[in-house]
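The values are calculated or read from the model by the stated rules, or taken from the named source; none is laboratory data. Here the structure is a predicted model, which means the values were calculated and not measured. Reconstructed Cβ throughout: ideal geometry from the backbone, glycine too, with neighbour counts over all protein chains shown.
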Amino acid sequence: MMKYCKPLLLVLYCFLSVIFNNLYAQNEPVPLSEDNLKCASCHGSKYYSFTNPLTEETNRKRMNPFFIIDTARYVSGVHRSFSCSDCHSYDYNSYPHPSELKLEPKFSCIDCHGGDETFAKYQFDKIEEDVNNSAHRNAFGTQFKCEMCHDLHTYRPVARDEHSKIKHIVVQDNQMCLNCHNDLSKYQVLTDHNKPELLTTHSWLPNQELHFLNVRCIECHTPTDDTIMVSHRILPKDQAVHLCSDCHSTNSILRDKLYKYAAQQSRSDNGYYNSVILNEAYVIGANRNKYLNIISLLFFGAALLGISIHIIFRIIKKK
Amino acid sequence: MENHKLYLYPIWLRIWHGINALCIILLIITGLSMQYGNIDYPLISFKTSVMIHNFCGIVASIGFVIFLVGNFISDNGIHYRFKIRGLYKRLFTQLMYYVFGYFKGEPKPFPITKENKFNPLQRISYAVAMYVLVPLVVITGLGLLYPELIFERFLGMSGVQITAVMHSIGGFFVSFFLMIHLYVASIGKNPLKNYKSILTGYHES
């Protein structure tokens, strides 16, 4: 069985590579290395097989779903050039994996990215500071880790890609929250509490579905911060944005959040306030057109002038 | 001078007109509040505005359908029809009456009768308002209420953006119409006479 796995995986990899290559043409995928293919032969699918040396039988088992790596997305992720053993112990090469490996401390993102000038533009140290002040870290301490939101095996900085559509950014970023907040089994990794129902806790939000599809959770659940692209200081729910006009106004906070990437590129405004938002959406209150404003004021001004003159003549005539 | 009383506005029309007027006024106020919303000086809170705007929009839309049906099954619809031939002359004559003739005490060029309850300017402006502007704001309003029904992109622009701009333009012209309508209704010997007529149904000349 094992001898068919590799070719099958290769075929699967090639097939998915073609699809993902088209989807993410700007992010060239790299083929899985020999070492990674070995790990992916089990962790790349729902089932894995091994020969039991005691019975000499081939056993086929279900892979723990939390340990399955999406290899097609891995080869397009930011860490695609890494070997599994760069982060995980080399001892995982043997099977069954030695049980003491479970106790081995894992690398954190900051171990590689912290204090490194190569990654200065991503501001990892500021991110760490934000996370340390976030509602998650306050509630769960160091149990709460970067990888609980950012899947290190597949992560892509979609928002920093100029070809990305805002909707793709929204989907990826919201999925990070929904991974736990919409999945009880993952949610309860950190707590025994029941998971709040998102639709109920957000029932106050008008056009709920429209908001969920077009803006990220963090638009409301992080503070506006000019010093970093995305604030990682998740706020407690009572401090989240509840005021509609924070977004639905000329000085919309969306300009400094979801549209921050786009806002930094020079674009013509076509007479609209916050025109950068208009590329992919329309936010009532934030997207007024300056020229339509002027024209409407002229119309009303002319009508009021005409009415005023008519009234004056009516009064004079009455006398 | 003999006092004539004409029954011009049947009860269904008066009820529709009253509800429609109230909805339109609330729609304009809440629409302006949403469109020109400011974090520091909100006229009405955005959430409240959305709620009132949606409610009044739905009521006014149902009212519009009732108005259309009413016009279809009664003879009220004939007052919103006009002949193109000689239209410009009739409009000009009525305009000159408002600007000059009214102050000189000249007789109305198009006296109100049971068959002709609107003058040419009223006829065309009411027809444009009810058959062009109101359908425009009703359709675009429904589109904004259910954005999943709107084309995602049209002519390279966001469908929601086009719909929202059309809705704003339609809403602006409805506001413009309302302002003129309210003033013109006050023209007469007694400024409140026409307002009374739409409440009682009777026009006094």
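Here are the numbers:
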{"quantity": "Any helices (runs of 4 or more DSSP H) falling wholly within the stretch A:171-240 and containing at least 3 residues that are surrounded by fewer than 17 Cβ atoms within 10 Å (Cβ to Cβ) and within 14 Å of another protein chain (Cβ to nearest Cβ)", "calculated": "A:208-214"}
{"quantity": "Which numbered condition A:Asp173 fails, given (1) under 30 Å from A:Leu32 (Cα atoms); (2) without any contact (Cβ under 8 Å) to a residue 60 or more places away in the chain; (3) more than 12 Å from the chain's Cα centre (by Cα)", "calculated": "(3)"}
{"quantity": "Helices (runs of 4 or more DSSP H) contained in the stretch B:8-120 and holding at least 2 residues within 14 Å of chain A (Cβ to nearest Cβ) and among the β-branched types (Val, Ile, Thr)", "calculated": "B:11-35, B:46-73"}
{"quantity": "Conditions (1) modelled with pLDDT of 95 or more; (2) surrounded by fewer than 16 Cβ atoms within 10 Å (Cβ to Cβ): number failed by B:Asn3", "calculated": "(1)"}
{"quantity": "Single match in A:Phe107, A:Phe67, A:Phe82 (criterion: farther than 15 Å from A:Ala40 by Cα and aromatic (Phe, Trp, Tyr))", "calculated": "A:Phe107"}
{"quantity": "Those residues of the stretch A:129-160 which are of a type in the set (D, E, K, R) and within 26 Å of A:Ser76 (Cβ to Cβ), in sequence order", "calculated": "A:Lys145, A:Glu147, A:Asp151, A:Arg156, A:Arg160"}
{"quantity": "Qualifying residue in the stretch A:49-56 (condition: aliphatic (A, V, I, L, M) and either at pLDDT 55 or above or assigned to a loop (DSSP other than H, G, I, E, B) (or both))", "calculated": "yes"}
{"quantity": "The lone exception for B:Thr48 - which of (1) surrounded by fewer than 16 Cβ atoms within 10 Å (Cβ to Cβ); (2) at pLDDT 95 or above it fails", "calculated": "(2)"}
{"quantity": "Any hit, the stretch B:23-37, residues being surrounded by fewer than 13 Cβ atoms within 10 Å (Cβ to Cβ) and among the hydroxyl-bearing types (Ser, Thr, Tyr)", "calculated": "no"}
{"quantity": "Any hit, the stretch B:83-94, residues being under 23 Å from the mean Cα position of the chain (by Cα) and within 24 Å of B:Val138 (Cα to Cα)", "calculated": "no"}
{"quantity": "Test result for A:His150, surrounded by 17 or more Cβ atoms within 10 Å (Cβ to Cβ), closer than 30 Å to A:Pro236 by Cα and out of contact with any helix residue (DSSP H, G or I) (no Cβ under 6 Å at 6 or more places or on another chain)", "calculated": "no"}
{"quantity": "Subset tally (residues that are within 7 Å of another protein chain (Cβ to nearest Cβ) and either within 28 Å of B:Gly170 (Cα to Cα) or outside any helix (DSSP H, G or I) (or both)) for the stretch A:301-319", "calculated": "2"}
{"quantity": "Of the criteria (1) more than 8 Å from every other protein chain (Cβ to nearest Cβ); (2) in contact with a helix residue (DSSP H, G or I) (Cβ under 9 Å, 6 or more places away or on another chain), which one B:Tyr146 fails", "calculated": "(2)"}
{"quantity": "Whichever residue in the stretch A:114-170 is among the small types (Gly, Ala, Ser) and assigned to a loop (DSSP other than H, G, I, E, B) and, among such residues, is nearest to A:Cys87 (Cα to Cα)", "calculated": "A:Gly114"}
{"quantity": "So A:Ser81, is it in contact with a Phe, Trp or Tyr (Cβ under 9 Å, 6 or more places away or on another chain) and either more than 30 Å from A:Arg160 (Cβ to Cβ) or assigned to a loop (DSSP other than H, G, I, E, B) (or both)", "calculated": "no"}
{"quantity": "Selected residue (only one of A:Ile127, A:Ile110 is surrounded by 14 or more Cβ atoms within 10 Å (Cβ to Cβ), more than 20 Å from A:Thr222 (Cα to Cα) and of a type in the set (A, V, I, L, M))", "calculated": "A:Ile110"}
